Amino acid sequence: MVYDYYNLAEQPFGMTPDTRYLYLSPTHREALASLSYGVQAGRGFMSIIAKPGMGKTTLLFQLLQQLEHSARTVFLFQSLCSPEDLLRSLLHDLGTEDHGGDIVRMHSQLNEFLLLESRRGKRVVVVIDEAQNLSDSVLELVRMLSNFETPSQKLMQIILAGQPQLAEKLASPNLVQLRQRISIVARLKPFTLQETNLYVGHRLRVAGYDFRAPLFTQRAGAMIAEHSEGIPRNINNICFNALSLGCALKRKMIDEEIIQEVMDDLDLGSESGMEMAIREPKKSALVPRMEWRWPFASQGNQPPRASTAAANAGIRTLGLRTHQRVWLPRFATAAMLC
């Protein structure tokens with residue numbers, strides 16, 4: 001319904017890491033170029049660090065797509081694991097059969113695989129996402145994986161991707177040997193106002209919007225940039241809700257009133273761009289709350305619970321009884337005097 005109303009071929013503000021929607025801001029472009037150069041130069045360890053929602057995963061998928069013809073790539077998502085689990089997952093994703101051996105045998109299997117790929121002229125690139133969750137023991141195993149090398153080249157290159165806590169963890173004295181091996185550290189910064197507008201326009205263009213008329217007013221774009229704090233995931237949430245509300249209200253253009261309505265429902269005022277929680281909606285000046293419902297979530301639009309209604313009724317009943325206790329004795333006294 002929303003697609004048809006705004007003449008879109010698909011949802012432009014989805015939450016999946018689709019590389020078609022990757023917008024390369026200056027810091028995103030620099031990070032992608034740095035990691036790509038590091039892989040081509042044979043650097044052993046690299047890292048990319050950014051706040052949640054900044055597009056790390058999408059950017060890394062783009063990098064792996066660029067390497068798909070020249071390297072064997074692995075993307076590890078599970079970071080809450082033991083050293084044995086990480087090594088077993090790595091072997092599984094590389095297509096090496098797990099014979100249920102101990103960590104020494106798995107090391108031997110991995111070494112044989114890496115030497116075989118090296119003879120074929122292919123490098124092996126491993127990305128570990130959410131690396132800030134790795135324990136020190138797992139990070140020590142990751143450091144030891146850099147020992148797989150020949151006199152002329154590294155047999156495996158590892159990219160650690162994570163949130164700012166990863167930088168804090170790597171700064172620990174316990175991990176100084178790993179930190180010394182990381183030759184490239186890329187960082188992603190939030191979008192500026194101009195970059196936010198370009199990002200929104202890029203996603204609309206990919207989704208098929210024709211731009212014969214602007215979809216968002218200038219003021220609406222400024223509010224999106226302000227309330228999202230320039231974080232792509234927040235921008236997507238706001239724009240997705242704005243299009244849903246605009247369609248429900250039959251608005252062809254998203255203005256500041258619709259964005260304000262969205263911000264009332266997505267209370268971001270006290271958030272730092274890392275969490276977005278849907279809370280109880282505030283009263284809207286655009287449309288009575290009982291006449292319209294969000295098509296994607298109903299948590300904030302539930303009718304009052306029975307206990308709440310009963311409590312309200314109880315308050316009214318209590319007020320009536322109190323009124324009666326105060327005035328009835330007075331009426332009785334007046335009648336006796338008469």
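The values are calculated or read from the model by the stated rules, or taken from the named source; none is laboratory data. Just so you know, these numbers come straight off a predicted model, no measurement behind them. Positions of Cβ are generated from backbone atoms using ideal geometry, with glycine treated the same way; all protein chains shown enter the neighbour counts. Ligands, DNA and RNA are stripped out before the accessible areas are found, and what is left, the full protein with its side chains, is counted by its heavy atoms. Shrake-Rupley method; radii C 1.70, N 1.55, O 1.52, S 1.80 Å.
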### Task
Pop the C-beta distance of Val206 and Asp102 into the FRET formula with R0 = 51 Å and round what comes out to the nearest 0.05.
0.60
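If you take the beta carbon distance between Ala213 and Arg20 as r and set R0 to 30 Å, what does 1/(1 + (r/R0)^6) give as a FRET efficiency, to the nearest 0.05? Before the final figure, lay out the partial values.
Values: r = 24 Å, r/R0 = 0.79.
Once the sixth-power term is evaluated, E becomes 0.80.
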### Task
May I ask you to list the chymotrypsin sites (Phe, Trp or Tyr not before Pro) in segment 70-174 that are in a DSSP loop and have at most 16 other Cβ atoms within 10 Å of their Cβ?
Phe77
### Task
With a probe of 1.4 Å, find how much accessible area segment 1-104 has per residue, and write the answer as a whole number in Å².
48 Å²
### Query
Heavy-atom accessible area per residue, segment 183-264, 1.4 Å probe: how many Å²?
44 Å²
## Note on the structure
Mean Cβ-within-10 Å packing, highest first, puts peptides 10-18, 158-166 in the order 158-166, 10-18
### Query
In this model, which of Lys56/Lys122; Lys154/Lys189; Lys51/Lys169; Lys51/Lys154 are farther than 19 Å apart at the alpha-carbon?
Lys56/Lys122; Lys154/Lys189; Lys51/Lys154
